[in-house]
Amino acid sequence: MFAAVRWKVACMSLVCLVLLASAMLTAGCGGKTQEGAGEQGKADNGGKDGRAALAWPTPYQNAGRIGRSGSAGPQSSDLKWTYEAGAQSKSWAVLAADGSVLAGFTGKLVCLDASSGAVKWEFSTGSETPTTCGVGADGSIFFGAGNKVFCLSAQGSQKWAYDLGTAPDEPTVAKDSVYVGSTGGKLAALDLEGCLKWETQVGEDIRSPSLDRQGNLYCGASSFTLYAFDAGGKKLWEVRAAGDAVLGESLYDWGNTLDTPSIGPDGTIYAGSMTGPFKGSGGVTELPSGELALGKLYAISPQGQVKWSYAYPGSGGSGYYSMVHSPSIGQDGTLYCGTSLNRVLALNPQGQLLWEYDTGESTGVCPSVFSPSIGRDGLLYAATTSGKMICIDAQGKEKWRFDSGSPWLPDRNSNTMTPPPLGEDGTLFSVLAQGKVCAWPGRGK
């Protein structure tokens, strides 16, 4: 009898020790405190291939960044609603699991009702400006602010925060991991509880990755480098394109990088080069050598071989640069690239130019046009750093444009109008750097 009681006591003690150790481990992973938890207010993300099944939980729709929606977007420039944040922004809009709009502004992350633009909740980030968010299949929301990576519930309460030790890029959410690059060259993998799974260091800035269907990671980095890692953090290969681009002192973070790539249906990785803008006596555009810095689009095989590159000369001129963003990818495989110097390019999967759209604005180094978001009917929605949203058809003809009247702000590292997500009903949403969200009504599935 006494032995039996002793055995029960021993078992209970062991259970308590295990629970205590588990709690201590959990508390140490991601700092699960509610300090600075913000205000409560009134992606594998579900897809069988490990990529997003939600409407638009990450920039350019999914972890492969194809930028294509299953809904038809707006037919005109007429606005549905606007929201004034009263603070500037450096983030793009993405959509929460319930279709709400998530956008960051200096000091806060805001969740807006998609139908009306009414504030559902706000989360305080103090003096820091949030990155663009990533949303998980359970509705959890991930973003960076300061040197930390935050995870919030779908209702806006803090679940955890992880101190990366350097400024994080926007997080990439997978089935069981969150991947975060940084301006300090650190790439980290966290589990969904905020515990570090692994980290690796490269020499210069590294963006958060795009993911292929096998879960491999592809990260654009400085100087003009693309890294490939497996899901366990093992480096598979790197491709350096530095010999194809002029290096100057960049005006902003993330200068002289390969852009976060998009991934085609055959696994081809498409990465644009983000040359400049450079510092100089003129403040923005001059290169010490006076050379023309040409942006390129690179097509790279999953094994790390460059298949082709396309050089975009832009309008040229001594001391100017050109920039090519990684493309969004149409249903037929057409690549739609935003560029500097007012152009959107359409290329076939072999790298041949199909057409070029010119916004008709001045031919200085700005404005840039981001790669467009694609509606179900093939219409393209391209945001510009001059504060415009432009709708273009699949043949490169302009259908409509919206001018916010917001100028490019080179002294504020401004994105001005940002690439838009499309909701389930096709509503289009874009954040202006000056602190505004615009919504245009869509046409549904």
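Positive contributions from Lys and Arg (+1) and negative ones from Asp and Glu (-1), summed over other residues with Cβ under 13 Å from the Cβ of Ser371, come out at +2. Taking amide H atoms as placed 1.01 Å from N in the peptide plane, the amide H of Ser386 lies under 5 Å from those of Ser368, Met417, each 5 or more residues away in sequence or on another chain.
Modelled spin labels at Ser301 and Asp266, positioned 7 Å past Cα toward Cβ, are 1.1 nm from each other.
Set the Förster distance to 41 Å, then compute FRET efficiency between Asp191 and Ala118 from the Cβ-Cβ distance, nearest 0.05. Please list the in-between numbers first.
Working: r = 34 Å, r/R0 = 0.83.
Computed FRET efficiency for Asp191 and Ala118: 0.75.
Fully extending the segment from Lys445 to Lys397 would add 15.0 nm, taking 0.36 nm per residue of separation and subtracting the current Cα-Cα distance. Exceeding 26 Å between C-alpha atoms, which entries from my cross-link table qualify? They are Lys90/Lys388; Lys80/Lys159; Lys80/Lys399; Lys80/Lys148; Lys108/Lys234. As for pairs spanning more than 26 Å Cα to Cα, those are Lys80/Lys159; Lys80/Lys148; Lys108/Lys234. According to the calculation over all Cα-Cα pairs in region 150-231, the P(r) per 10 Å bin from zero is 19, 53, 25, 4 %.
Scanning residues 5 or more positions from Val94 or on other chains, those with amide H under 5 Å from its amide H are Leu102, Cys133, with H placed 1.01 Å from N in the peptide plane. Close amide H contacts of Gly295 (hydrogens built in the peptide plane, cut-off under 5 Å, sequence separation of 5 or more or a different chain): Tyr312, Ser322, Met323.
Straightening the chain between Asp98 and Glu238 buys 46.6 nm, computed as 0.36 nm per residue apart minus the Cα-Cα spacing.
Of the peptides 326-337, 429-440, 197-208, the ranking by mean beta-carbon count within 10 Å, highest at the top, reads 429-440, 326-337, 197-208.
Report the net charge of residues surrounding Ser127, where surrounding means a beta-carbon distance below 14 angstrom and charges are Lys +1, Arg +1, Asp -1, Glu -1. Working shown, then result.
Working: positive: Lys90, Lys108, Lys148; negative: Glu128.
Result for the local shell: +2.
Each peptide among 179-187, 353-361 gets the average number of other Cβ atoms lying within 10 Å of its residues, and from highest to lowest they stand as 179-187, 353-361. For region 152-162, putting each phi into the Karplus relation 6.51 cos²θ - 1.76 cosθ + 1.60 with θ = phi - 60° gives couplings of 10, 6, 5, 8, x, 8, 6, 9, 6, 9, 10 Hz, in residue order, rounded to whole numbers and with x for Gly and Pro. Take each peptide in 393-400, 338-345, 109-116, 61-68, count the other Cβ atoms within 10 Å of every residue, and average; sorted highest first, the result is 61-68, 338-345, 109-116, 393-400. Charge tally for Ser77 (other residues, Cβ to Cβ under 13 Å; Lys, Arg +1; Asp, Glu -1): +1.
Laboratory data are not the source of any read-out in this text; all were calculated from the coordinates shown. Just so you know, these numbers come straight off a predicted model, no measurement behind them. No Cβ is skipped: glycine too gets one built from the backbone with ideal geometry, and neighbour counts run over all protein chains shown.
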